[in-house]
Structures are given as structure tokens and as C-alpha cells.
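The values are calculated or read from the model by the stated rules, or taken from the named source; none is laboratory data. Being a predicted model, the structure only gives us computed values, none of them experimental. Heads up, the Cβs are rebuilt from the backbone with ideal geometry, glycines too, and the neighbour counts pull from every protein chain shown. The protein model used for the area step is the full one, side chains on, heavy atoms only, and it has no ligands, DNA or RNA in it. Shrake-Rupley method; radii C 1.70, N 1.55, O 1.52, S 1.80 Å.
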Amino acid sequence: MSTERRMNVNKVTTHVLQAMKERGEKISMLTAYDYTLAKIVDDAGMDVILVGDSASNVMAGHDTTLPITLDHMIYHASSVMRAIKRALVVVDLPFGSYQGNSKEALVSAIRIMKESGAHAVKMEGGEEIKESIQRILSAGVPVMGHLGLTPQSINKFGTYTVRATEEPEAEKLIEDAKLLEELGCFSLVLEKIPADLAERVAKTVKIPVIGIGAGAGVDGQVLVLHDMLGLNTGFHPRFLRRYMELYDGIKGAISNYIDDVKSQDFPNESESY
Ligand code: KIV
């Protein structure tokens, strides 16, 4: 998109995102978990940076997002916050930090906001976490919702396949989206659901709807940074567009370095004191 079709803002806020939806400008969102990559993502002009609990997978090597803790999320979020100048930074509340008890949910959200300086939190679920969302919103913390495939519930779902393909689940998802809007969430992520359902939700609610594996009819797109850069191997869902093959590029550079050390080509005279 040419720059004149982008909102020219120094700092992205939740109000800026709302204005983008209203003027039909798509919202760009990517994950980041550390200072160095967050700085590149922000310098490139990203609207929203998500400190996702996918850090559990891509940074820590776990199979699911369940093991990551609130302390880990605060560590990642603080690193990202030191890097960014423009993007709105949203941090996932990790599994176990908000589901059972709304008071504990508020304590978790406040710790993230105070200790990292992030701008908002994201929470997975609808009706079942209504009280936690309400309490966090009432403390003035912006909340982004997350419906569809919610990876913190993987043990309930059993698989990472497309959600809400059947009418009852699709209807519940629409009701949950309306509820999140009514409660005051500023935005909503829809993960891995049929494109026509996602478009219906984006047209039904007034808040921005960001999709991942939810087609083109939503208000913005999010991907996991490490996936779109091709930093990992063996993860090729249909919704993922890889913009680089960094795994191969980095591996090649590292094996060249090993060769240069072994052959004594590195360091040469100009690289020595
Ligand atoms: O944790 C994460 O990266 C996410 C995105 C997949 C939306 O929640």
C-alpha cells in the first residue's frame, strides 16, 4: 500500500486502529518477543506487535503455549517495549493467569502493564471468561479478544484443525464476538476459522477484527514472526505465507563460519589487532 493510503501516525493507539477499520485501511500485526527483532518490526512500520504466548513454542521449544508463565511473558514484553517507538504492543495473558478467577486475572494484567509498560493484553475465550475481561477493562486496561482456534485450549480441542465449521460452534463464536464488543474489548483476533464466517463477524462488530487463517474479509492480519520469516522448518499451514527462508540462510552462514574457522581463513590480518 502506498504511504498516502496509510494513516500517518507517530504512535498507534487503540483509537487509531478503530479509525483504520472505519476508513477501510487494513491493520498489520506480527508477533515479536525480543528487543532486536521487535526493533526491526517497529522500524518497518508495523501497526501492532503481539508479544504472543507462541513464545512458548518458538522461543522456548515447547509443543504448546501452556507452559509459559506470567514472569516469562513480562520478560519478553519488557524486551519488546525497550525497542518500539510506534507500534501498539499487546501482550498475551498466559494460560492459568486469568481463566479461573477474575481477581487473579486483574493482578496478572496489572503486572504486565506495570512491569513491562505494554499497551494492552490479549485473552482467549468468550462468555466463559466474561468476568475476568470485565474486571480488567474496568481497571482501564485495553483488552483484545481471541476466538476460534484458541491454542490454550488445545487439550480440549485435541487438534489444531480449523474451528467453527459446524453451525453450533459458528453461532457461539458470533455471539462471543458480539459479547466481547459489548464488554468493551478494543479488537478481536479470529484464528483458523472459515473465511466467510470471519467476514461475517468483521461486518457484524464495529471493533477491528484481525485474522490468522481467517481469510481476507477481516480488518487486518497477524502472523507469527518466526513462521513468516521461515526461521523454523516443518510448519506449513495453508494460511502461512513465508516471506523469507531464514532457516536455510542462517544455517548456510553458520556453516561458512565453521569452515572459515577450521581452515584458518578467519580471522585474517585485517580482522586482527
Ligand atoms: O500467541 C500468538 O502468537 C497468537 C497469534 C497466533 C494470534 O496468539
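Would you calculate, for the chain, the mean residue ellipticity at 222 nm contributed by helices, counting each DSSP H stretch of 4 or more residues as -39,500 (n - 2.57) and dividing by all residues, to the nearest 500? Don't jump to the answer; show the numbers that get you there.
Values: 11 runs with 111 residues, N = 273.
Rounded to the nearest 500, the figure is -12000 deg cm²/dmol.
For the chain, what is the charge dipole size about the Cα centre, in debye to the nearest 20, if Lys and Arg each add +1 at the Cβ and Asp and Glu each add -1 at the Cβ? Don't skip to the answer; put the middle values down first.
Working: 29 positive and 37 negative charges, 150 e Å.
That gives a dipole near 720 debye.
For the pair the range 255-273 and the range 17-37, the centres of their Cα atoms are 42 angstrom apart.
Three semi-axes describe the equivalent ellipsoid of the range 204-273; taken as square roots of 5 times the Cα gyration tensor eigenvalues and ordered largest first, they are 43, 14, 6 Å. Of the trypsin sites (Lys or Arg not before Pro) found in the range 214-273, those in coil by DSSP whose Cβ has at most 11 other Cβ atoms within 10 Å are 238, 241.
Mind checking the angle between helix 246-262 and the chain's longest principal axis? C-alpha axes, 0 to 90 degrees, to the nearest 10. Here the helix axis deviates by roughly 20 degrees. By the rule of a C-alpha distance below 13 Å, with chain neighbours fewer than 8 residues away ignored, the aspartates and glutamates paired with residue 85 are 42, 43, 47. Each Cα pair under 8 Å and six or more residues apart adds its separation to the average, and for the range 1-152 the resulting relative contact order is 20 percent.
On a per residue basis, the range 119-273 carries 54 Å² of accessible surface, using protein heavy atoms and a 1.4 Å probe. At the residue level, residue 186 shows approximately 20 square angstrom of accessible surface with a 1.4 angstrom probe and all protein chains present.
Could you check how much of the accessible area of the chain is carbon and sulfur, as a whole percent, using a 1.4 Å probe?
On the way: 7410 of 13980 Å².
Carbon plus sulfur share of accessible area: 53 percent.
Within straight-line reach of residue 251, meaning a Cα separation under 27 Å, sit the following lysines at least 8 residues removed in sequence or on another chain: 39, 262.
Tally Lys/Arg at +1 and Asp/Glu at -1 over every other residue whose Cβ is under 12 Å from the Cβ of residue 100; what's the total? Each step should come with its number before you reach the end.
Working: positive: 103; negative: 104, 128, 131.
Here the charged neighbours net out to -2.
Taking all protein chains together and a 1.4 Å probe, the residues 144, 59, 113 rank 59, 113, 144 from largest to smallest accessible area. Pairs with C-alpha atoms separated by more than 19 Å, drawn from the list 122/178; 11/130; 178/206, are 11/130.
Normalised by the number of residues in the chain, the mean separation of alpha-carbon contacts (under 8 Å, six or more apart) gives a relative contact order of 14 percent.
Starting from the Cα of residue 232, move 7 Å in the Cα-to-Cβ direction to define the label point; list residues of the range 11-44 whose amide nitrogen is under 14 Å from there. Under cut-off, by backbone N: 31-33.
Only alpha carbons enter this Debye calculation for the chain, each as an equal point scatterer, and the log10 of I(q)/I(0) it gives at q = 0.08, 0.13, 0.14, 0.17 Å⁻¹ is -0.34, -0.85, -0.97, -1.45. For the chain, the longest principal axis of the alpha carbon atoms and the long axis of helix 102-116 meet at an angle near 40°.
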